[in-house]
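First up is the structure itself, then whatever we jot down about it.
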Amino acid sequence: MKLQHIIESQQFTLPMLNELFSLADQMGSIVIRGGTLDYQHKIMASLFYEPSTRTRFSFESAMLRLGGKIMSTERAQDFSSVSYGESLEDTIRVVGNYADVIVLRHNQIGGVKRAAAISTTPIINAGDGKGGQHPTQALLDLFTIYKEIKTIDGVKVALVGNLLDGRTVRSLAYLLGKYERVKIYFVAPPTLQMKQDILDYLNRHNVWYTLESDFNKILPEVDVVYMTRIEEEKIPAASIERPFKRYFIDEEVMRLMQSNAILMHPLPRLNEISPIIDADPRAAYFRQTKNGVLIRMALLVSVLD
Amino acid sequence: MKLQHIIESQQFTLPMLNELFSLADQMGSIVIRGGTLDYQHKIMASLFYEPSTRTRFSFESAMLRLGGKIMSTERAQDFSSVSYGESLEDTIRVVGNYADVIVLRHNQIGGVKRAAAISTTPIINAGDGKGGQHPTQALLDLFTIYKEIKTIDGVKVALVGNLLDGRTVRSLAYLLGKYERVKIYFVAPPTLQMKQDILDYLNRHNVWYTLESDFNKILPEVDVVYMTRIEEEKIPAASIERPFKRYFIDEEVMRLMQSNAILMHPLPRLNEISPIIDADPRAAYFRQTKNGVLIRMALLVSVLD
Amino acid sequence: MKLQHIIESQQFTLPMLNELFSLADQMGSIVIRGGTLDYQHKIMASLFYEPSTRTRFSFESAMLRLGGKIMSTERAQDFSSVSYGESLEDTIRVVGNYADVIVLRHNQIGGVKRAAAISTTPIINAGDGKGGQHPTQALLDLFTIYKEIKTIDGVKVALVGNLLDGRTVRSLAYLLGKYERVKIYFVAPPTLQMKQDILDYLNRHNVWYTLESDFNKILPEVDVVYMTRIEEEKIPAASIERPFKRYFIDEEVMRLMQSNAILMHPLPRLNEISPIIDADPRAAYFRQTKNGVLIRMALLVSVLD
């Protein structure tokens, strides 16, 4: 699979996703071997207009694990030429002469798309703007389900939390919609439920879903519980009613989950999941970050080859 | 060619420039081969007292392309020991024990010279202070003329913009003065013309030059148009008269240029050159940044060998 | 020697120190050979919650000299997930999935210990909080005495300056207490003398020490003069009496020192040592920073193997 740029999760068809996950599966053996010679002369530039050390480190680890090289800035907004008023397009053309692939985190929705439109060097979207795309997060989430549950077809997934504002859950719901017999449970207080555009998309693709606010009722039914960060200060007071307050996972709640179900979270977590749960083998959120490196290795291979 | 430090463009004689450009020409094949084993254990420290990600990335790309290693800071002013009041000399002696070459961007004129005076580790000047030296920019500019026009002797170059404050054009005029039969056209409003010290230097070396304010009259005559950034807010209102307003390059202006002339710019550009010109093969400014990596590779080789 | 984490200087027994110094001695030949293949696929993450470019560069140089790879942040407090309220423990678990060793500089006393308590990836303490531990500094100080004086048993060391607040001198006094027949001269004005806890520890271990305020009297007696930074603004006015004022080293003072004694300083220095002394072969403070790379290489080897 040869990709030009990685801009948004919508660019991935079902066959592409299958090929990507199969490639990511092979990356584990490259990590053990300690990289390949194929990438030892390739340079990845991390060009971050806002800090996100976690995402940056994940990409940089992926490039180093492949055997490649990195150069990095987490304050591209201070890029002296940017502060002089240089266009994003000019910056990308210049950095594209220094590196073989650019991992771009931009502070404006659509910034990465604009960059990719003019760049002959591959661009990978590491997040653009609040509410914009962050495709590698959605891909690693889906890859985690594939690795842990062994299949995505037929999987039952509960997406839990503030679904109204959640970029992550929107992209994941979108990608899940490409698979067969998937069941999606949107668990949120009514005022914080998933937006209609995603529901319409699922309707068009005949994907089963339900809107719920009772967390405990859903838990025993699903293969995957995907918790998201609940920032109470961002939530209208009216929504913080009793059901919402109960979207916190402790040992008692874990007893309701199936023994082979998994608990995911995009991290960082605040108080949604008690640290006591970390030792439960169903807690998959730190394995998710490990899968993130494998997916990013596979994406780098896809654009560099 | 073995150099101890790279401090200022004045340190380069004509034979040294010729040797440097010939070395830089060979660097292209090292990039294709993917570095050499000679530098795989060498460490370059980027020690930047003010952010200039573009320059830093260019040097880091150069070192990585050679096969070497990098470590990097773009906020050396927060270097805890600097904030404690440590002298630049002490900082350099310490970092010199960690790295094999130091690329130094300092915030004071003369800072790099002070560092080089006490350092046994090679220092390369990546810019010191507003109005100070930035020799690698001038060298890559000259190298671009050499690569694009095939010769520097006899070349006709228009230097355009605010020449009064332009560090870049001053250094380039200085270096051009070393070659035979060069003609230099200083194009600026009278109040923003090149300073007398450079004109005196050219007089002493019998270099032909002229002072002009009419941009369109010069364009058909020259091999190289070197545009610089025009920051209108920095220019006295009286100077922004009609001729100055016309130093903006669009398709119409390009028609006045010779078919084998080139258009250069140190970047970042603001509005001096319409992006529509980027596709014109005479637009050499992005190729300039590529040449910057080759020149910096050659300089690194010269101090590391 | 296989170590899990490097948290505090107290974890090192005398046999461990001997083994560490012997390992650090061997590192010099690895530097000359240009690293080993053993670490070429290992990744060190520099995770710094407060800037300390000197310490970070020393560790990064050590990892690169070993042949390994680095990724780096000097503003982990802006780590977006930290600003979201993520716990240190979660951050460490995530970064531990990206790297093979984490060099951690934390802004709170005990932060590194908390990190190590939950991390399966080795953690090395690069300083935690004002007044917390900075074990690699104490180890490189002791290693410098071992290299320069050839033995630590029987050495006579003067620790000079504001001993009340000095983390460095406290750790060094602690480690010196493990050796035979060591004599320690604490040289400070009475109000800035070493705290009782360290004196008690030395008493328990039958280590000879004396409290002094007369610098010149001590100088001819000792093998090592260990100067520390004197920040006059932090010192009660009453303490800046004549003896304290005289803890400044110039050529005249050097004449009082034995010809084979050494002068150390953890750096950065302010005005404690005249730069004119740098050329004196007894001035060991820049060699100390070189030894720091060797010690950190040895520590990296100890946790990575």
> Does A:Asp100 count as closer than 20 Å to C:Thr73 by Cα and acidic (Asp, Glu)?
Replying inline: no
> Could we say that C:Tyr247 is modelled with pLDDT of 90 or more and open to solvent by less than 10 Å² (accessible area, probe 1.4 Å) here?
Replying inline: no
> Is there any pair linking a residue in the range B:78-98 that is more than 7 Å from every other protein chain (Cβ to nearest Cβ) to one that is part of a loop (DSSP other than H, G, I, E, B), with Cβ under 7 Å and at least six apart or on different chains, and which?
Replying inline: B:Thr91/B:Phe79; B:Ile92/B:Ser119; B:Gly96/B:Ser119; B:Gly96/B:Thr120; B:Gly96/B:Thr121
>> Given the criteria surrounded by 18 or more Cβ atoms within 10 Å (Cβ to Cβ) and in a loop (DSSP other than H, G, I, E, B), does B:Leu17 qualify?
In response: no
>> Checking the condition more than 16 Å from the chain's Cα centre (by Cα) and polar (S, T, N, Q), which residue from A:Ser52, A:Ser58, A:Ser87 passes?
In response: A:Ser87
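For the range C:92-117, which residues satisfy the criterion of being β-branched (Val, Ile, Thr) and open to solvent by less than 10 Å² (accessible area, probe 1.4 Å)?
Once the filter is applied, which keeps residues that are β-branched (Val, Ile, Thr) and open to solvent by less than 10 Å² (accessible area, probe 1.4 Å), the range C:92-117 yields C:Ile92, C:Val94, C:Val95, C:Val101, C:Ile102, C:Val103, C:Val112.
Please work out if B:Met254 is among the hydrophobic types (A, V, I, L, M, F, W, C), open to solvent by less than 20 Å² (accessible area, probe 1.4 Å) and more than 26 Å from B:Ser52 (Cβ to Cβ). Give the derivation first.
Values: among the hydrophobic types (A, V, I, L, M, F, W, C): yes; open to solvent by less than 20 Å² (accessible area, probe 1.4 Å): yes; more than 26 Å from B:Ser52 (Cβ to Cβ): yes.
Taking the combined requirement at face value, the residue satisfies it.
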>> Tell me whether the range A:118-137 contains one or more residues that are open to solvent by 10 Å² or more (accessible area, probe 1.4 Å), over 30 Å from A:Asn260 (Cα atoms), of a type in the set (Lys, Arg) and in a helix (DSSP H, G or I).
In response: no
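Hey, can you tell me all the residues within the range C:200-219 that are aliphatic (A, V, I, L, M) and open to solvent by less than 10 Å² (accessible area, probe 1.4 Å)?
Within the range C:200-219, the subset aliphatic (A, V, I, L, M) is C:202, C:207, C:211, C:218-219.
Within the range C:200-219, C:Leu202, C:Ile218, C:Leu219 meet the criteria.
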> Which of the residues that make up the range C:25-71 are within 11 Å of chain B (Cβ to nearest Cβ), open to solvent by 10 Å² or more (accessible area, probe 1.4 Å) and either among the basic types (Lys, Arg) or not in a helix (DSSP H, G or I) (or both)?
Replying inline: C:Arg33, C:Gly35, C:Thr36, C:Gln40, C:Glu50, C:Pro51, C:Arg54, C:Arg65, C:Gly67, C:Lys69, C:Ile70
> For the range B:242-305, which helices (runs of 4 or more DSSP H) that fit wholly inside it have 2 or more residues that are under 22 Å from B:Ala173 (Cα atoms) and not assigned by TED's automatic domain parsing to the domain that holds B:Val169?
Replying inline: B:285-304
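Please verify whether A:Asp153 is out of contact with any helix residue (DSSP H, G or I) (no Cβ under 8 Å at 6 or more places or on another chain) and part of a helix (DSSP H, G or I), treating the condition exactly as stated.
In short, no.
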> Restricting the range C:264-290 to residues that are charged (D, E, K, R) and without any contact (Cβ under 8 Å) to a residue 24 or more places away in the chain, which is nearest to the other protein chains (Cβ to nearest Cβ)?
Replying inline: C:Lys290
> Among (1) modelled with pLDDT under 95; (2) under 15 Å from the mean Cα position of the chain (by Cα), which single condition is A:Phe12 missing?
Replying inline: (1)
> Here are some residues: C:Thr210, C:Thr168, C:Thr144. Which one is outside any loop (DSSP other than H, G, I, E, B) and more than 25 Å from C:Pro15 (Cβ to Cβ)?
Replying inline: C:Thr210
> Just to be sure, is A:Leu172 touching a helix residue (DSSP H, G or I) at 6+ places or on another chain (Cβ under 7 Å) and either under 17 Å from A:Thr55 (Cα atoms) or open to solvent by less than 10 Å² (accessible area, probe 1.4 Å) (or both)?
Replying inline: yes
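Within the range A:74-84, is even one residue under 25 Å from A:Arg167 (Cβ atoms), modelled with pLDDT of 95 or more and either buried (at least 22 other Cβ atoms within 10 Å of the Cβ) or among the hydroxyl-bearing types (Ser, Thr, Tyr) (or both)? Can you show your working first?
The initial filter retains those residues of the range A:74-84 that are under 25 Å from A:Arg167 (Cβ atoms), namely A:74-77, A:82.
Adding the requirement that they be modelled with pLDDT of 95 or more leaves none.
Within the range A:74-84, none of the residues are under 25 Å from A:Arg167 (Cβ atoms), modelled with pLDDT of 95 or more and either buried (at least 22 other Cβ atoms within 10 Å of the Cβ) or among the hydroxyl-bearing types (Ser, Thr, Tyr) (or both).
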> B:Pro189 fails exactly one of the following numbered conditions: (1) crowded, with 20+ Cβ neighbours inside 10 Å; (2) in contact with an Asp or Glu (Cβ under 7 Å, 6 or more places away or on another chain); (3) within 18 Å of B:Met16 (Cβ to Cβ). What is the number of that condition?
Replying inline: (3)
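The values are calculated or read from the model by the stated rules, or taken from the named source; none is laboratory data. Since the model is a prediction, treat every value here as computed from it, not as a measurement. Every residue, glycine among them, receives a Cβ derived from its backbone with ideal geometry; neighbour counts consider all protein chains shown. The area values use the complete protein model at the heavy-atom level, side chains included, leaving out ligands, DNA and RNA. Shrake-Rupley method; radii C 1.70, N 1.55, O 1.52, S 1.80 Å.
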